[in-house]
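To keep things clear, I will list the structure first and then write my remarks on it.
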Amino acid sequence: MTQLDEHKRKVAEAALAELPAEGIIGLGTGSTARFFIEALAARIRAGAKYQAVATSEASRAQAEALGIPLLDDDGPWEIEVTVDGADEVDGEMNLIKGGGAAHTREKIVNGASRKNVIVVDESKLSARIGEKWPVPIEVLPFAHKTTQANLARYGTPTLRMHGDVPLRTDSGNFIYDLAAGPIHEPSVLEMDLRALPGVVETGLFVDRADIILVAGLHGVRRISEAGSSQAK
C-alpha cells in the first residue's frame, strides 16, 4: 500500500466515528470511498445494523460483494450520513466532484442526507476550487457539441473519453471536463452552467459538505465549518 493509499484508508476509517449507531448510510464513489465501504462492511459483520444507498454501479457492486444491505435506486430514502470523496476542496468547504463520473447521483444522495462527510487527503486542498481540477459536467449525448459550444463561454470543455469512444456515465450520458481556472464565485458558476440546455448536472458542490476529514502526514483533521479544524 502506498503512502497515499494509507492516508485514504485512515481518513475513510475515521469517518466511521461520524456514523450513528444504526440507520441508512450513503456510499460515495471513488478510491477513498472504496476504503470506507470496506470499513463499513467490517462494522456490519461485527453486528452493526446499517443499510446503504450506492451512488454508482461500482460502489453498488463492491457493497454487494461485501455483504452490505442495499436499498434500491428509486428512493426516497432517509439517509443519516453520506460519506464521499472529492477531487478538490477549498477553504470555504466548496467541492469539485465527478472524477469518477458519478457526480449527478452523488449530488442526489448528498441532498437526501442529514449529514454529509467528505473524506480526502491533503493533495485535494486548494485555495480556490478550479486551481487543480476542471469541473465535470454531465451532458445529454443529444446535441452535445452544441452544449460544448455553450460551455466554452465559461472555460475550455473537453469531452472525456474511454479509449476511442466518449465515456458514458451510469445513466448513459457524456462528461465534459470544463477547465475554468480558479473559481471565485462557485455558486454563480453552478447556476449559470445548470441553466444551459443539455446540461444534466455539474460537479460543483457548494454548501453541501457538513464535515470534511483530511488525512496527511500528521493524522486526520476534522473541518466542520469553513476555516475551523481540529486534529483527530
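Taken together, the values in this text are just the output of simple stated rules run on the coordinates, not laboratory data. From a predicted model like this one, the values you see are computed outputs, not experimental measurements. Here Cβ is always computed from backbone atoms with ideal geometry, including for glycine, and neighbour counts include all displayed protein chains.
Projected label points at Arg153 and Leu71, each 7 Å from Cα along the beta carbon direction, are separated by 3.8 nanometres.
Kindly identify the range 10-82 as rounded, prolate or oblate by the Cα gyration tensor criterion: order the square roots of the eigenvalues as a ≥ b ≥ c, call it rounded if a/c is under 1.5, otherwise compare a/b with b/c, prolate if a/b is larger, else oblate.
Values: a/c = 1.36, a/b = 1.12, b/c = 1.21.
Because its axes are fairly even, with a/c under 1.5, the range 10-82 counts as rounded.
Selection among Ala15, Trp133, Ala143 by position relative to the dipole of the chain gives Ala15 as farthest towards the positive end (Cβ unit charges, Cα centre). Using only side-chain charges placed at the Cβ, +1 for Lys and Arg and -1 for Asp and Glu, the dipole size of the range 91-138 relative to its Cα centre rounds to 200 debye. In the chain the Cα-Cα distances spread across 5 Å bins starting at 0 as 1, 7, 15, 19, 19, 16, 12, 7, 3, 1, 0 percent of all pairs. Pairs over the 27 Å Cα-Cα cut-off, from the set Lys49/Lys124; Lys10/Lys132; Lys8/Lys145; Lys8/Lys107; Lys124/Lys145; Lys115/Lys145: Lys49/Lys124; Lys8/Lys145; Lys124/Lys145; Lys115/Lys145.
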